[in-house]
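The values are calculated or read from the model by the stated rules, or taken from the named source; none is laboratory data. Not measured: the values here are computed from a predicted model. All Cβ positions, even for glycine, are placed from backbone atoms using ideal geometry, and neighbour counts span all protein chains on display. Calculation scope for accessible area: heavy atoms of the full protein, side chains included, ligands and nucleic acids excluded. Shrake-Rupley method; radii C 1.70, N 1.55, O 1.52, S 1.80 Å.
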Amino acid sequence: MDIFLAAFDDIPDPRADNARHDLCELLVVGFVAVLCGATSCAEMADFGRAKEHVFRDFLKLRHSIPSHDTFSTVFRMIDPKALDAAFGWVLAQIAMLLGDGDVIAIDGKALRGARDKGQSARTRMMVSAYAARLRLTLATVAADHGGELEAALEVLGLIALKGKVVTADALNCNRRTVAAITGGGGDYCLALKANQDSLLSDARSCFGKVPPDHPVAHHEEAGHCRKEARTGTVVSAKGLAEHHEFPGLQAFGRIESRRETDGKVQTETRHFALSWVPAPEVFMATVRAHWEIENALHWQLDVSFREDAARNRKDNGPTNIAILRRRALDLARRDTSKGSLSIKLKRAGWGDAFLLSLLNHLANP
């Protein structure tokens, strides 16, 4: 626990000097409450009071558990970048396990409940860098008013890219993003769509020249009343990097998929811009790894942490509590006991023993 308290101690306290509650202790109580399912400041305060006897084993709590108004005020005022950086410092040892070729997926997720009636669903969004193999959030930045691209560039500047492969959707397939990735020593695998129409046209032309014996990779899977077959191909993009002023471009990838669901057949062809020339099997695995950010992060945030139902709306509150949810998910994954993630979170909220077990992981991430 000392490592977390030390990390939180570096977060600037925006309150007046006469604030009653210790900032580090308040953040620990709020974080553990979110870990156990709290979605609002009122629930944080209620959880803290219910588990005060547990918290007093490692916190002083000179003025007991803060009220929900105090939690709300603090989370509205704290700098989200400082809060996320504190968690990044704590989890730095785990992040160091990333190796060459590991996939870092970049994607945004709307905070659908963090908006007033009539506002766009994209008003509040969190853009995250997610280590697919480690299932760990490396950094997350708020994108207000739909500025997802700028937030993605900021996220890339917060993480070590050397030797890693960055994946992202077509929004990030642009010169600024690829320059940031290659400038940091990383490679990229970016979805290529009509926003780069000229580049996409040349990619299709390259695949039109592929000989019959060109190497390809095949993958088939079945389940949930669905059958899917995918074929991956990689071709050189020699000379096109300079022509399109697209830094680092070395190859194009193509995945052709055929999905059969309840007798209905759907086909799809996707193209990707690549900064290296991987084997078709490696290319397909890279594209597949990108979906970890959707399935293991975004989906879990909605199902296990009810993020879409959260109604934090004011100032920095939605962003800071979204950061707590992502870091709580990182911590919950460190627990290796049996049971789904949702069951583990419920256990922590129901009983002191399992909560103490999770807190031990908090102390030794």
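Can you work out which of the residues in the stretch 100-117 that are within 16 Å of Asn312 (Cα to Cα) and open to solvent by 20 Å² or more (accessible area, probe 1.4 Å) is farthest from the chain's Cα centre (by Cα)?
So the first thing to find is which residues in the stretch 100-117 are within 16 Å of Asn312 (Cα to Cα), and the list is 109-117.
In the following step, the residues that additionally are open to solvent by 20 Å² or more (accessible area, probe 1.4 Å) were identified as 112, 115-117.
Details: Arg112: 16, Arg115: 21, Asp116: 25, Lys117: 27 Å.
Residue satisfying both the conditions and the ranking: Lys117.
Name the single residue, out of those in the stretch 82-92 being more than 18 Å from Lys162 (Cβ to Cβ) and open to solvent by 30 Å² or more (accessible area, probe 1.4 Å), that is modelled with the lowest pLDDT. Lay out the reasoning, then the answer.
Narrowing the stretch 82-92 to residues more than 18 Å from Lys162 (Cβ to Cβ): 82-87, 89-91.
Remaining after also requiring open to solvent by 30 Å² or more (accessible area, probe 1.4 Å): 85, 89.
Values: Ala85: 93, Trp89: 88.
Here the answer is Trp89.
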Expected single match for surrounded by 20 or more Cβ atoms within 10 Å (Cβ to Cβ) and at pLDDT below 95 among Leu97, Leu35 is Leu35
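Quick check on this structure: which one of Asp315, Asp302, Asp308 is out of contact with any strand residue (DSSP E or B) (no Cβ under 6 Å at 6 or more places or on another chain) and in a loop (DSSP other than H, G, I, E, B)? Steps first, answer last, please.
Working: Asp302 fails: in a loop (DSSP other than H, G, I, E, B); Asp308 fails: in a loop (DSSP other than H, G, I, E, B).
Going through Asp315, Asp302, Asp308 in turn, the sole match is Asp315.
Let's see how each residue does on (1) touching a strand residue (DSSP E or B) at 6+ places or on another chain (Cβ under 6 Å); (2) modelled with pLDDT under 95; (3) in a strand (DSSP E or B):
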position	(1), (2), (3)
Ile104	yes, no, yes
Asp107	no, no, yes
Ala114	no, yes, no
Gly118	no, yes, no
Ala121	yes, yes, no
Tyr130	yes, no, yes
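Quick one: which of Arg270, Arg254 is in contact with a Ser or Thr (Cβ under 6 Å, 6 or more places away or on another chain) and closer than 19 Å to Thr286 by Cα? Steps first, please.
Values: Arg270 fails: in contact with a Ser or Thr (Cβ under 6 Å, 6 or more places away or on another chain).
From the options Arg270, Arg254, the qualifying one is Arg254.
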Of the residues in the stretch 205-225 that are of a type in the set (D, E, K, R) and under 31 Å from the mean Cα position of the chain (by Cα), the one that is modelled with the lowest pLDDT is Glu221
| task | Go through the residues of the stretch 42-57 one by one and say whether even a single one is touching a residue at least 24 places away in the same chain (Cβ under 8 Å) and closer than 19 Å to Leu83 by Cα. | result | yes
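What is the residue count in the stretch 161-182 for residues that are touching a residue at least 40 places away in the same chain (Cβ under 8 Å) and more than 18 Å from His290 (Cβ to Cβ)?
Within the stretch 161-182, the first condition is being touching a residue at least 40 places away in the same chain (Cβ under 8 Å), and the residues that meet it are 161, 163-169, 172-173, 175, 178-179, 181-182.
From what is left, the residues that are more than 18 Å from His290 (Cβ to Cβ) are 175, 179, 182.
Adding up the residues that qualify gives 3.
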Exactly one of Leu190, Leu161, Leu199, Leu138 is at pLDDT 95 or above and in a helix (DSSP H, G or I), and that one is Leu199
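Suppose the filter is in contact with a strand residue (DSSP E or B) (Cβ under 9 Å, 6 or more places away or on another chain) and surrounded by fewer than 17 Cβ atoms within 10 Å (Cβ to Cβ); does Ala229 pass it? Let's see the steps before the verdict.
Values: in contact with a strand residue (DSSP E or B) (Cβ under 9 Å, 6 or more places away or on another chain): yes; surrounded by fewer than 17 Cβ atoms within 10 Å (Cβ to Cβ): yes.
Yes, satisfied.
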Picked from the stretch 125-141 (must be over 14 Å from Asp102 (Cα atoms) and of a type in the set (Ser, Thr, Tyr)), the residue surrounded by the most Cβ atoms within 10 Å (Cβ to Cβ) is Thr140
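For Val277, state whether it is under 25 Å from Thr182 (Cβ atoms), open to solvent by 70 Å² or more (accessible area, probe 1.4 Å), in contact (Cβ under 8 Å) with a residue 40 or more places away in the chain and not charged (D, E, K, R). Explain how you work it out, then say what you get.
On the way: under 25 Å from Thr182 (Cβ atoms): yes; open to solvent by 70 Å² or more (accessible area, probe 1.4 Å): yes; in contact (Cβ under 8 Å) with a residue 40 or more places away in the chain: yes; not charged (D, E, K, R): yes.
The answer is yes for Val277.
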Considering the stretch 55-77, residues that are surrounded by 15 or more Cβ atoms within 10 Å (Cβ to Cβ) and either among the acidic types (Asp, Glu) or closer than 21 Å to Leu329 by Cα (or both), and then whichever is farthest from the chain's Cα centre (by Cα), we arrive at Phe55
The one condition Phe207 fails out of (1) outside any helix (DSSP H, G or I); (2) under 17 Å from Pro278 (Cα atoms) is (1)
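Kindly indicate the residue of the stretch 170-215 that is among the polar types (S, T, N, Q) and in contact with a helix residue (DSSP H, G or I) (Cβ under 8 Å, 6 or more places away or on another chain) and also most open to solvent (accessible area, probe 1.4 Å) among those meeting that condition.
Within the stretch 170-215, the match that is most open to solvent (accessible area, probe 1.4 Å) is Asn195.
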Here the qualifying pairs (Cβ atoms under 7 Å; residues six or more apart or on different chains; first in the stretch 195-211 and touching a residue at least 40 places away in the same chain (Cβ under 8 Å); second in a loop (DSSP other than H, G, I, E, B) and not β-branched (Val, Ile, Thr)) come out as Gln196/Cys173; Leu199/Phe246; Leu200/Lys193; Cys206/Ala237
Given the conditions (1) open to solvent by 10 Å² or more (accessible area, probe 1.4 Å); (2) modelled with pLDDT of 75 or more; (3) under 18 Å from Phe55 (Cα atoms), every one holds for Ala328 apart from (1)
